[in-house]
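> Sending over a structure as structure tokens; questions will come in a sec.
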Amino acid sequence: MKIKRGDMVLVTAGDDKSDVAKPVQQVLASGQKVVIEGVNLVYKHVKRGHPKSPQGGRLRMEKPIQSSNIVFFCSQCNKGVKLGYRYNENGEKERFCRKCSTTVDVVSPAREKYSSS
């Protein structure tokens, strides 16, 4: 998946569908689900003695949503776009917006060329 923690995304489906970009808090290990700040809020009822709530009660927390229901928000285009990968002239791998072709960030440094000896 091309979405990383800290990226601004738009929710495109479900009850929390909106036009406001929100940051990704966590990408789960499977890569198929993400936790987004303020999206898919639920209550978890906990007993007394719980580390987060020693007196017990209801905890409000974000649950993961499917990664197919989000799209990256490009600040240059001001809309949700698809991302792509490419190598720049220095040989670094970077993520880029497929609409306006601006670089989002560098994913990995340049690799050394293999010598044929």
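The values are calculated or read from the model by the stated rules, or taken from the named source; none is laboratory data. Because the structure is a prediction, the values reported are computed rather than measured. Cβ atoms come from the backbone with ideal geometry, glycine included; neighbour counts cover every protein chain shown.
> Within region 7-30, can one find any residue that is among the basic types (Lys, Arg) and under 16 Å from Leu83 (Cα atoms)?
So far as region 7-30 goes, no, none of its residues is among the basic types (Lys, Arg) and under 16 Å from Leu83 (Cα atoms).
> Take Gly91 and decide whether it is out of contact with any helix residue (DSSP H, G or I) (no Cβ under 7 Å at 6 or more places or on another chain), part of a strand (DSSP E or B) and at pLDDT below 90.
no
> Separate question: Gln32: surrounded by 12 or more Cβ atoms within 10 Å (Cβ to Cβ) and polar (S, T, N, Q), yes or no? Give the steps one after another, and end with the answer.
Details: surrounded by 12 or more Cβ atoms within 10 Å (Cβ to Cβ): yes; polar (S, T, N, Q): yes.
So Gln32 fits the description; yes.
> Something else about it: Condition test on Lys63, is it surrounded by 11 or more Cβ atoms within 10 Å (Cβ to Cβ) and modelled with pLDDT under 90?
no
> Any idea how many residues of region 47-86 are among the aromatic types (Phe, Trp, Tyr) and more than 15 Å from the chain's Cα centre (by Cα)?
Residues in region 47-86 being among the aromatic types (Phe, Trp, Tyr) and more than 15 Å from the chain's Cα centre (by Cα): 1 in total.
> For region 20-46, give me each residue that is more than 15 Å from the chain's Cα centre (by Cα), of a type in the set (A, V, I, L, M, F, W, C) and modelled with pLDDT of 90 or more.
Leu41, Val42
> Hey, Ala110 hits all of (1) in contact (Cβ under 8 Å) with a residue 60 or more places away in the chain; (2) in a loop (DSSP other than H, G, I, E, B); (3) among the aliphatic types (A, V, I, L, M) but one; which does it fall short on?
(1)
> Also, I was wondering about something else. Only one of (1) under 28 Å from Val106 (Cα atoms); (2) out of contact with any Ser or Thr (no Cβ under 8 Å at 6 or more places or on another chain) fails for Gln55. Which number is that?
Gln55 satisfies every listed condition except (1).
> Right, another one. Where residues in region 15-29 are touching a strand residue (DSSP E or B) at 6+ places or on another chain (Cβ under 7 Å) and small (Gly, Ala, Ser), which of them is surrounded by the most Cβ atoms within 10 Å (Cβ to Cβ)?
Ala21
> Additional query: With respect to Glu92, determine if the residue is without any contact (Cβ under 8 Å) to a residue 40 or more places away in the chain and surrounded by 15 or more Cβ atoms within 10 Å (Cβ to Cβ). Step through it out loud before you land on a result.
Details: without any contact (Cβ under 8 Å) to a residue 40 or more places away in the chain: yes; surrounded by 15 or more Cβ atoms within 10 Å (Cβ to Cβ): yes.
Yes; evaluated as a whole, the condition is true for this residue.
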